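Everything below concerns the one structure shown next.
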Amino acid sequence: KSIYTAPESTSEVALALGAHTVRRSRTKWCAACGTSATSARPLKKCSRCHAVEYCGSECQLSHWRQAHRHACQLMAA
């Protein structure tokens, strides 16, 4: 039995992910700057929660300091 409950709105999803916007498409986006993934520059997932992706270490560090550190532990559980 799952203890996960779906969020009520997309704003709750954005808050949980620490993302600026929530995009519902097959294209992957950097959680910090919004850059889309390309074959030349694929995105890398957060190694702890695997829920967000980044285009580079600068974006990952920036997003971690802004918001992701608080949501990451919850999402990794």
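The values are calculated or read from the model by the stated rules, or taken from the named source; none is laboratory data. Worth saying up front: this structure is predicted, and the values here are computed from it rather than measured. Note: accessible area is taken over every heavy atom of the protein model, side chains too, but ligands, DNA and RNA are not part of it. Shrake-Rupley method; radii C 1.70, N 1.55, O 1.52, S 1.80 Å.
If only residues of the range 27-71 that are part of a helix (DSSP H, G or I) and of a type in the set (D, E, K, R) are counted, the one that is modelled with the lowest pLDDT is ARG69. As an exercise: evaluate LEU74 against (1) open to solvent by 100 Å² or more (accessible area, probe 1.4 Å); (2) outside any helix (DSSP H, G or I); (3) among the aliphatic types (A, V, I, L, M) and give the number of the one condition it does not meet. Tallying (1) open to solvent by 100 Å² or more (accessible area, probe 1.4 Å); (2) outside any helix (DSSP H, G or I); (3) among the aliphatic types (A, V, I, L, M), LEU74 fails exactly one: (2).
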